[in-house]
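Here's the structure, in structure tokens; my notes come after.
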Amino acid sequence: MYRDMTRQVMVGNVPIGGTAPITIQSMTNTRTEDVAATVKQIHELTDAGCQIIRCAVPSFEAARAIPKIKSQIRIPLVADIHFDYKLAIAAMENGADKIRINPGNIGSPEKIQAVVEKAVSCHVPIRIGVNSGSLEKNLIQKYGGVTAEGLVESALDKIQLVERFGLKDIIISIKSSDVMMCIKAYELMVKATDYPLHVGITEAGPLSSGIIKSSVGLGIILHKGIGNTIRVSLTGDRVEEVRTAQKVLSALDLRKCGIEVISCPTCGRTQIDLISLASQVETLVAGYDLNLKVAVMGCVVNGPGEAREADLGIAGGRGEGLLFKKGRIIRKMPESQLLGALKDELDHWKQ
């Protein structure tokens, strides 16, 4: 696995790279200067499973808010900086656990040097982010447009620049909203460097299309053994980013993320309100710290058999249903009692 052969970088108390588990990140969409709103959102994301949080730092007021935010949260904080190198320095002076910059929009080598030297003295890692939307004009001309090769060359140029000023704690991201370009870029990058990689499909879109694009792109990249930390970028509820990331990792057997719900798509044999029931079950199981597979099936004839690998499940009939464990039917009851019976089994479950 490429990810196991990368260097390891510490972000606060969270390791990224090497044999460390793949971490899940998200980014606040509050005004960082609004400490109360930002802390509230970070708590919601942390409770959902986020392990590293990134906040925009577009002003010195935002930089000065970092220590107030950090004193109230439990996960490392990354400062996202664009253009003003002084904000990057201020963010580190105020306790940011990592900064994210694109050296290409920071400015002169002297400004980049000032940022890197502060990072080295504060022992703060830098995520070098290159996006398809900000690729340099000379590389666009060289490759005849925005390409994976251009993204990688841009990232490698920036790595060499910050290395020259003494930085070794580097994390790299090379993102595009084009799924196939993103996949190719990461395939090329792992052959060119051993720095840990932050993986994601940038500007993936609203919830439905964004989840699909992110799941396809991340799924392929991660399955190739690439990627040490991930973010699902969605236009919508930030908690959905974390939930989607967890489900992608779980589907690839890269992480156990609590109870997995499987359910049938329904058909003409379905005689209970399975769609509503499956939604209620998904909400119910979120409250349990158990590594189980729970099935919600619409047919008492095939349900237990089709979900035989599930640890626990329900299968509907005509206004009634069956409760089963490991494919074995243990109880029959009215439809109205199925959710309660499932909850009772989870309450008394022994691993």
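Annotations for the structure displayed:
- Among residues of the range 124-152 that are more than 30 Å from Asn13 (Cβ to Cβ) and aliphatic (A, V, I, L, M), those with a beta-carbon under 7 Å from a residue that is open to solvent by less than 10 Å² (accessible area, probe 1.4 Å) and part of a loop (DSSP other than H, G, I, E, B) at least six positions away or on a different chain give the pairs Leu151/Ser176.
- Of all residues assigned to the range 16-28, none qualifies as being closer than 21 Å to Val116 by Cβ, buried (at least 20 other Cβ atoms within 10 Å of the Cβ) and in contact with a Gly (Cβ under 7 Å, 6 or more places away or on another chain).
- When Arg243 is tested against the conditions (1) touching a Phe, Trp or Tyr at 6+ places or on another chain (Cβ under 8 Å); (2) modelled with pLDDT of 85 or more, the lone failure is (1).
- Qualifying residues in the range 166-180 (those that are modelled with pLDDT of 90 or more and either open to solvent by 60 Å² or more (accessible area, probe 1.4 Å) or of a type in the set (Lys, Arg) (or both)) - the one farthest from Ile212 (Cα to Cα): Lys168
- Summed over the range 256-273, the residues that are surrounded by fewer than 18 Cβ atoms within 10 Å (Cβ to Cβ), aliphatic (A, V, I, L, M) and farther than 17 Å from Lys343 by Cα give a count of 0.
- Any hit, the range 208-222, residues being within 22 Å of Arg54 (Cα to Cα) and in contact with a Leu (Cβ under 6 Å, 6 or more places away or on another chain): yes
- Count - residues of the range 40-60 that are open to solvent by 10 Å² or more (accessible area, probe 1.4 Å) and outside any strand (DSSP E or B): 12
- Scoring Leu323 on the criteria (1) open to solvent by less than 20 Å² (accessible area, probe 1.4 Å); (2) aliphatic (A, V, I, L, M); (3) part of a helix (DSSP H, G or I) leaves a single failure, condition (3).
- Residue in the range 299-351 that is farthest from Gly287 (Cα to Cα), counting only those that are modelled with pLDDT under 85 and among the polar types (S, T, N, Q): Asn302
- Number of the condition not met by Gly12 [criteria: (1) touching an Asp or Glu at 6+ places or on another chain (Cβ under 9 Å); (2) small (Gly, Ala, Ser); (3) open to solvent by less than 30 Å² (accessible area, probe 1.4 Å); (4) touching a residue at least 60 places away in the same chain (Cβ under 8 Å)]: (3)
- Complete set of residues in the range 223-253 that are over 12 Å from the mean Cα position of the chain (by Cα) and open to solvent by less than 10 Å² (accessible area, probe 1.4 Å): Gly225, Ile226
The values are calculated or read from the model by the stated rules, or taken from the named source; none is laboratory data. Model, not experiment: these values are computed from the prediction. For neighbour counting, all protein chains shown are included, and Cβ atoms are generated from backbone atoms with ideal geometry for every residue, glycine included. Ligands, DNA and RNA are excluded from the accessible area calculation, which covers all protein heavy atoms including side chains. Shrake-Rupley method; radii C 1.70, N 1.55, O 1.52, S 1.80 Å.
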